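For reference, the structure discussed in these notes is given below.
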Amino acid sequence: MIKKIDHVGIAVKNLEEAMKVWEGLGLKVDEVEEVPDQKVRTAIIHVGESRIELLEPTAEDSPIARFIAKRGEGIHHIALGVGNIEEHLNKLKESGYRLIDEKPRVGAGGARIAFVHPKAVTGVLLELCERGSE
Ligand code: ZN
């Protein structure tokens, strides 16, 4: 079951500056967290049922650093909140969707996440996101 848009990931060069910009819109940053697995620092902004996830690269070989070098700052991915991530991955794989992650890994906030290739999803990098506590 797909529950909602869990979050929109936005690649930024400087997290502190980006936080100021988004807080200037009237939003509040709830937490800042480093995710070593993806070589990013994230700022989570709750917006109703969804979130905005600002992503700053912490290394030059971070996927976010490569994205910014190629395309500049901007929307990096859209994440769908799902009930059982393995079930969804298997379903997509069976249907022929090209996956970046065949198995879930750990993302910000301890969520289990996996990416689907943008070439398979009309040019959108899609993340599946399972949060145990919600
Ligand atoms: Zn994400």
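Scanning region 13-30 for residues that are in contact (Cβ under 8 Å) with a residue 40 or more places away in the chain and either in contact with a Gly (Cβ under 9 Å, 6 or more places away or on another chain) or open to solvent by 70 Å² or more (accessible area, probe 1.4 Å) (or both) returns a single hit, Lys13. The single condition among (1) within 13 Å of the ligand (Cβ to nearest atom); (2) in a strand (DSSP E or B); (3) surrounded by fewer than 18 Cβ atoms within 10 Å (Cβ to Cβ) that Gly9 does not satisfy is (3). Considering each of Gly132, Gly81 in turn, give the residue that is open to solvent by 70 Å² or more (accessible area, probe 1.4 Å) and not aliphatic (A, V, I, L, M). That would be Gly132, the only listed residue that is open to solvent by 70 Å² or more (accessible area, probe 1.4 Å) and not aliphatic (A, V, I, L, M).
Checking each residue in region 105-127 for being surrounded by fewer than 20 Cβ atoms within 10 Å (Cβ to Cβ) and β-branched (Val, Ile, Thr) picks out Val106, Val121, Thr122, Val124.
One line per residue, one yes/no per condition, for (1) within 12 Å of the ligand (Cβ to nearest atom); (2) open to solvent by 30 Å² or more (accessible area, probe 1.4 Å); (3) in contact (Cβ under 8 Å) with a residue 40 or more places away in the chain; (4) assigned to a loop (DSSP other than H, G, I, E, B):
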{"residue": "Ile52", "(1), (2), (3), (4)": "yes, no, yes, no"}
{"residue": "Leu55", "(1), (2), (3), (4)": "yes, no, yes, no"}
{"residue": "Glu60", "(1), (2), (3), (4)": "no, yes, no, yes"}
{"residue": "Ile64", "(1), (2), (3), (4)": "yes, no, yes, no"}
{"residue": "Lys70", "(1), (2), (3), (4)": "no, yes, no, no"}
{"residue": "His77", "(1), (2), (3), (4)": "yes, no, yes, no"}
{"residue": "Glu87", "(1), (2), (3), (4)": "no, yes, no, no"}
{"residue": "Lys93", "(1), (2), (3), (4)": "no, yes, no, no"}
{"residue": "Lys103", "(1), (2), (3), (4)": "no, yes, no, yes"}
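The values are calculated or read from the model by the stated rules, or taken from the named source; none is laboratory data. Quick caveat, the model's predicted, so the values are computed rather than measured. Note: ideal-geometry Cβ built from the backbone for every residue, glycine included; neighbour counts use all protein chains shown. For accessibility, only protein heavy atoms count, side chains too; no ligands or nucleic acids. Shrake-Rupley method; radii C 1.70, N 1.55, O 1.52, S 1.80 Å.
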